[in-house]
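The values are calculated or read from the model by the stated rules, or taken from the named source; none is laboratory data. Because the structure is a prediction, the values reported are computed rather than measured. All Cβ positions, even for glycine, are placed from backbone atoms using ideal geometry, and neighbour counts span all protein chains on display. Ligands, DNA and RNA are excluded from the accessible area calculation, which covers all protein heavy atoms including side chains. Shrake-Rupley method; radii C 1.70, N 1.55, O 1.52, S 1.80 Å.
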Amino acid sequence: MSEVRQNQWERSVGRLVEVADGVFAYLQPDGGWCLNNAVLMVSQGRSALVDTAATEARARALRAAALGVCAAPPRVLVDSHFHGDHTFGNFVFPEALVVGHERARTEMAEAGLHLTGLWPDVEWGELALALPELTFRDRLTIHVGELRAELIHLGPAHTTNDTVVWLPEREVLVTGDLVMSGVTPFCPMGSVTGTLDAVARLRSLGAGTVVTGHGPVAGPEVFDVTEGYLRWVQGLAREGIAAGLTPLEAARAAGPGPYAHLLDSERLVPNLHRAYVEERGAAPGVPLDIGALFGEMVEFHGGLPTCRA
């Protein structure tokens, strides 16, 4: 690893922050592409984990941090969805039963290690897929000592297989990438309307602390940004269709608008593609050509988006 890259890695390596009694957010700044969050739950000498990390080195750093809090390794590992930045590190927790939505297992198997090919310069390490061994359809409850965690499937939203984790006694909600903090939403593999519906359900839970899939720990105000952005995207889609613009042309005409402060603003292009097909009557979650959308996003951005994983 080059000296520059080593310094970048050290600045963005994760850290554990206790957000409630026995609940720790593992944050990887700045939350951009493939720098996701995880959550460790600890009670009565037992632990469980929500999500891992994109590379072998980052997943092993997460493992070391988790063992620094609880000597017993996590016995349950929940995948919030199938994307590799949240799941590639599953294999470094061989003691854990991997749990996920039934479609997460299917889509993980279909995607394989495809994500690594999008950023070939990232040092991914010696990755091995570890698929969910226990799957569910709608809801599932796990118990970690005295902690109760409700696993709830919502969507299609960020993807077709999103799982949020709700700890009612701690008023902590773990959203995966269904909601992000300070980072542009991303739903070409799911649904704009589905995400809005899901966020409305999340609001009703009454969380005081929200650990999102990327970015800083937040409160329920983070829902406002997600909703505002997606309604803005829907408006751009309606206007673009009426004007005969393609999603790429509509994105170029609009720019980041009022959401320039969010990381990874280039996601506007694939988000508009999803909004366009929904505006034209497509069902939430209908498959799109993600490779082509990624290519348009790169064109719009003027190059490959930066991934510092």
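For the stretch 115-136, filtering for residues that are within 21 Å of residue 178 (Cα to Cα) and surrounded by fewer than 20 Cβ atoms within 10 Å (Cβ to Cβ) leaves 3. Yes or no: residue 51 modelled with pLDDT of 95 or more, open to solvent by less than 10 Å² (accessible area, probe 1.4 Å) and on the phi > 0 side of the Ramachandran plot? The answer is yes for residue 51. For the subset of the stretch 231-281 comprising residues that are free of Cβ contacts under 8 Å to residues at least 40 places away in the same chain and of a type in the set (Val, Ile, Thr), which member is farthest from residue 298 (Cα to Cα)? That would be 241. Restricting attention to the stretch 190-202, which residues are open to solvent by 10 Å² or more (accessible area, probe 1.4 Å) and either more than 16 Å from residue 237 (Cβ to Cβ) or assigned to a strand (DSSP E or B) (or both)? Across the stretch 190-202, the qualifying residues are 197, 200, 201. Find the residue count for the stretch 55-91, including only residues that are more than 15 Å from residue 37 (Cβ to Cβ), among the hydrophobic types (A, V, I, L, M, F, W, C) and surrounded by fewer than 24 Cβ atoms within 10 Å (Cβ to Cβ). Here the count works out to 9.
Residue-by-condition table, conditions (1) more than 21 Å from residue 27 (Cα to Cα); (2) touching a Cys at 6+ places or on another chain (Cβ under 7 Å); (3) among the charged types (D, E, K, R):
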site	(1), (2), (3)
49	no, no, no
107	yes, no, yes
118	yes, no, no
134	yes, no, no
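Applying the condition of being assigned to a strand (DSSP E or B) and within 11 Å of the chain's Cα centre (by Cα) to the stretch 153-189 and asking which residue is surrounded by the fewest Cβ atoms within 10 Å (Cβ to Cβ) yields 183. Considering (1) open to solvent by 30 Å² or more (accessible area, probe 1.4 Å); (2) assigned to a helix (DSSP H, G or I); (3) modelled with pLDDT of 95 or more, the lone condition that residue 17 does not fulfil carries the number (2). The set of residues in the stretch 277-305 being of a type in the set (D, E, K, R) and not in a loop (DSSP other than H, G, I, E, B) consists of 278, 279, 296, 299. Under the condition of being open to solvent by 40 Å² or more (accessible area, probe 1.4 Å) and part of a loop (DSSP other than H, G, I, E, B), the residues counted in the stretch 252-276 number 3.
Given the criteria at pLDDT 95 or above, part of a loop (DSSP other than H, G, I, E, B), in contact with a helix residue (DSSP H, G or I) (Cβ under 9 Å, 6 or more places away or on another chain) and buried (at least 22 other Cβ atoms within 10 Å of the Cβ), does residue 215 qualify? Considered against the rule, which asks whether it is at pLDDT 95 or above, part of a loop (DSSP other than H, G, I, E, B), in contact with a helix residue (DSSP H, G or I) (Cβ under 9 Å, 6 or more places away or on another chain) and buried (at least 22 other Cβ atoms within 10 Å of the Cβ), residue 215 comes out as yes.
Contact annotation: residue pairs with Cβ atoms under 9 Å, 6 or more positions apart or on different chains, pairing a residue in the stretch 202-230 that is of a type in the set (Asp, Glu) with a partner that is open to solvent by less than 40 Å² (accessible area, probe 1.4 Å), are 221/210; 227/195; 227/196; 227/199.
Here 249, 239, 221 are screened, and the one residue that is surrounded by fewer than 22 Cβ atoms within 10 Å (Cβ to Cβ), under 19 Å from residue 293 (Cα atoms) and not aromatic (Phe, Trp, Tyr) is 249. Looking only at the stretch 92-147, which residues are of a type in the set (Ser, Thr, Tyr) and part of a strand (DSSP E or B)? Within the stretch 92-147, 135, 141 meet the criteria.
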